[in-house]
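*Asks:* One structure is given below, represented as structure tokens, and several questions about it will come after.
The values are calculated or read from the model by the stated rules, or taken from the named source; none is laboratory data. Quantities reported herein were computed from a predicted structural model and do not represent experimental measurements. Ideal geometry is used to build each Cβ from the backbone, glycine not excepted, and the neighbour counts take in all protein chains shown. Calculation scope for accessible area: heavy atoms of the full protein, side chains included, ligands and nucleic acids excluded. Shrake-Rupley method; radii C 1.70, N 1.55, O 1.52, S 1.80 Å.
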Amino acid sequence: MASTLRITLQPTSSLLVRSTCQTVTRALSSTAAPRQASAASTPSSGSSSSHIDGDSNTTASNVPPLRLSKEQRAMLEQMIRVDQAGELGANWIYRGQYAVLGSDKKVGPLLQNMWDQEKHHLKVFDGIISQYRVRPTLLRPFWEMAGFALGAGTALLGKEAAMACTEAVETVIGGHYNDQLKELLKIDHPDIAELRKIVQQFRDDELEHLETALEHDAQKAPQHEHISNFIKEGCKLAIWVSGKV
Amino acid sequence: MASITRRAGVALLMRSSSAIVPRTTITPSARQLTTSASWRTAEPSSSTSTGTTTSTSNSNGADHASPTASSTHGPKGTPDAILRAALALVPEYGWTTTSIAKAAESLGYPSIIHGMFPNGGADLIDFFLQDCLNRLPLELEGRMEGLSTQETIKLGTLTRLGMIAPYVDRWPEALAIMGQPSNVSMSLNHLAKIVDEIWYLAGDKSADMNWYTKRASLAAIYTTTELYMTTDKTLNYEATQRFLDRRFEDAATLGKATNDVLQIAEFGAKSVTGILRS
């Protein structure tokens, strides 16, 4: 009983490692506001002072459990859900683009590269979802279809249009990650610091994709303005919806 | 003796609510006690308010017989303490305001304090369900290792159902209260939390639609088994356990069928991709 309580109270220190490890991460959710009740808080407050050190999975034995207010918990959940949905959408957009343009000598390998990075992003966020016990988006099949249709549709309009689509999506996602970083800076805790690092890294990746798209004549796409605006508005709507649903 | 405690308890409440209620003589029939709108909205992270109000109640003098302001009987702990005591009275008085009132009296508060729980029995059920949810991970610690997924889910479900056993005779009444329109959202919320907790403790790491299908199927299994348990008179709830096994067999068949549907959808998507490439 004591040893397992120790595990429940030791928060994780490395998100990427945790996504593959079996470490229980109840510390994050059990002390989050919606789940907190007097019955649970008494054993946790009693044993946090007597936890056994030497757990090989955690590096800092005096990291306090993550305590979030209801609003913070809701904000974090929404953020993580939206991020996962975003990476999912990006994944399927690239899949659609690759389905049409994969055989192109110049653009094909490029798309493959960017797609592989998005696959990695999605895998990481799947791990974060289960770690923070966040409900994933209910509209996942819909985002998959919409992303594929968007990617394939713009790719059918030509290479430049596909790059314009990438440019628009990455602009919105990059800005969105930036806003999230600002929000995450308000919470001071090592686990959130880890999450911040991940979001920062991904933001930089997405902006790199943006630059790649611009280098490959995204601006030369036919109807560039219209495509860009349409896709940007669509992305913002998708972000809002997947935050709720 | 009872009148002294009642007067003392009223004095205690009068002090802490003096900011809200005008200083008239509070009689047990007066419904002006509004110390807290609802204990449910109390934020766990706001510990400063607990500190000040606890010290206020402490300074009321030592001659009253109301419970000492310990951590379980501070302004936030008092509702929980009353409801916890009320649970012991449920087999006799049911999930009603009567249980709460009698429990409050046994703790030394005036019975009128049941006004703190405007939903009566529903508040008691809410507390009970939350308490079961908190106990579930503690009771399952260390027992989930080495079992297959289905075994862990069965163990989790049975453990959670076992918590109802002390109240099983009164549980149909609780289910009826939970089914009332004003309480439906509360009970569905709790059901969602139960299945999420059981799957989490079983080690579920799904992050796609499986998250929903797993929980939905477990919710169906759980609710039917819970209902069956209220009619089960066998020793150790043997019949319920067998009922649960049969429900899991049904779910397995359903799972295979869903897989087939998904496969067909996947074939469709692949052919569309093929057409686009050609």
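*Asks:* Could you give the dipole magnitude of segment A:70-244 about its Cα centre, charging the beta-carbon of Lys and Arg +1 and that of Asp and Glu -1, in debye to the nearest 20?
*Replies:* 560 debye
*Asks:* With the contact rule set at Cα under 8 Å and sequence spacing of 6 or more, what percent relative contact order holds for segment A:70-244?
*Replies:* It comes to 30 percent, rounded to a whole number.
*Asks:* Ranked from the most accessible area to the least, with a 1.4 Å probe and all protein chains present, what is the order of A:MET145, B:MET144, B:MET209?
*Replies:* A:MET145, B:MET209, B:MET144
*Asks:* Where a Cα-Cα gap under 17 Å defines reach, which aspartates and glutamates qualify for A:LYS70, not counting those fewer than 8 residues away within the same chain?
*Replies:* A:GLU183, A:ASP188, B:GLU43
*Asks:* Any residues in segment B:104-151 that have 40 Å² or more less accessible area with all protein chains than in their chain alone, probe 1.4 Å, and which are they?
*Replies:* Going by heavy-atom accessible area, the residues of segment B:104-151 that drop by at least 40 Å² are B:ASN134, B:LEU138, B:GLU141.
*Asks:* Which order do A:ASP179, B:ASP126, B:ASP208 take when ranked by solvent-accessible area (1.4 Å probe, heavy atoms of all protein chains), largest first?
*Replies:* Result of the area sort, largest leading: A:ASP179, B:ASP208, B:ASP126.
*Asks:* How large, in percent, is the carbon and sulfur part of the accessible surface of segment A:70-244 at a probe radius of 1.4 Å?
*Replies:* Ligands and nucleic acids excluded, carbon and sulfur give 58 percent.
*Asks:* With a/c under 1.5 counting as rounded, go ahead and sort segment A:177-245 into rounded, prolate or oblate using the C-alpha gyration tensor (a ≥ b ≥ c being the square roots of the eigenvalues; past the cut-off, prolate if a/b is larger than b/c, else oblate).
*Replies:* oblate
*Asks:* While we're here: What accessible surface, in Å², does a 1.4 Å probe find on A:ARG133, ignoring ligands, DNA and RNA and rounding to the nearest 10?
*Replies:* Result for A:ARG133: roughly 30 Å² accessible.
*Asks:* I've got another one for you. Probe of 1.4 angstrom, ligands and nucleic acids ignored: what's the accessible area per residue over segment A:78-125, in square angstrom?
*Replies:* Per residue, segment A:78-125 has 36 Å² of solvent-accessible surface.
*Asks:* If you don't mind, another one. Under 1.5 on a/c is rounded, so check that first for segment A:103-152, then, if it is not, pick prolate when a/b is larger than b/c and oblate when it is not; a ≥ b ≥ c are the square roots of the alpha carbon gyration tensor eigenvalues.
*Replies:* Since a/c reaches 1.5 but b/c is at least a/b, the shape of segment A:103-152 is classed as oblate.
*Asks:* For every other residue with a beta carbon closer than 11 angstrom to the beta carbon of A:LYS119, add +1 if it is Lys or Arg and -1 if Asp or Glu, then tell me the sum.
*Replies:* Combined, the nearby Lys, Arg, Asp and Glu give -2.
*Asks:* Follow-up question, since we're still on this one. Along Cα→Cβ, 7 Å out, is where each label goes; now give me the distance between the ones at A:GLN219 and B:LEU147 in nm to one decimal.
*Replies:* Simple spin-label model gives 6.3 nm for this pair.
*Asks:* Heads up, I need the accessible area for B:THR231: 1.4 angstrom probe, whole protein in place, Å², nearest 10.
*Replies:* 100 Å²
*Asks:* In square angstrom, rounded to the nearest 10, how much accessible surface does B:HIS114 have for a 1.4 Å probe?
*Replies:* Looks like 40 Å² after rounding.
*Asks:* Let me ask something additional. Chains B and A: how much accessible area gets covered up at their contact, both sides added, probe 1.4 Å, in Å² to the nearest hundred?
*Replies:* Accessible area lost upon association: around 2800 Å².
*Asks:* Now for a separate question. Taking the Cβ of B:ASP169 as the center, what net charge do the other residues with Cβ under 12 Å away carry, scoring Lys and Arg +1 and Asp and Glu -1?
*Replies:* -1
*Asks:* In this model, which of A:LYS123/B:LYS214; A:LYS186/B:LYS193; A:LYS105/A:LYS232; A:LYS197/B:LYS205; A:LYS106/A:LYS182 are farther than 26 Å apart at the alpha-carbon?
*Replies:* A:LYS186/B:LYS193; A:LYS105/A:LYS232; A:LYS106/A:LYS182
*Asks:* A follow-up question, please. Quick one: ranking A:GLU233, B:GLU141 by accessible area, 1.4 Å probe, largest first, what do you get?
*Replies:* Descending order: A:GLU233, B:GLU141.
*Asks:* For segment A:70-244, rounded, prolate or oblate, judged on the Cα gyration tensor with a ≥ b ≥ c (square roots of eigenvalues), a/c < 1.5 rounded, else prolate if a/b > b/c?
*Replies:* Prolate, because a/c is 1.5 or more and a/b exceeds b/c.
*Asks:* Okay, next question. If R₀ is 25 angstrom, what is the calculated FRET efficiency for the pair B:GLU238 and B:LEU175, using the beta carbon separation as r and rounding to 0.05?
*Replies:* My answer for the efficiency is 0.70.
*Asks:* Taking each residue of A:129-139 in turn, how many C-beta atoms of other protein chains fall within 10 Å of its C-beta, and what is the average?
*Replies:* The mean count of partner-chain Cβ atoms within 10 Å per residue comes to 4.
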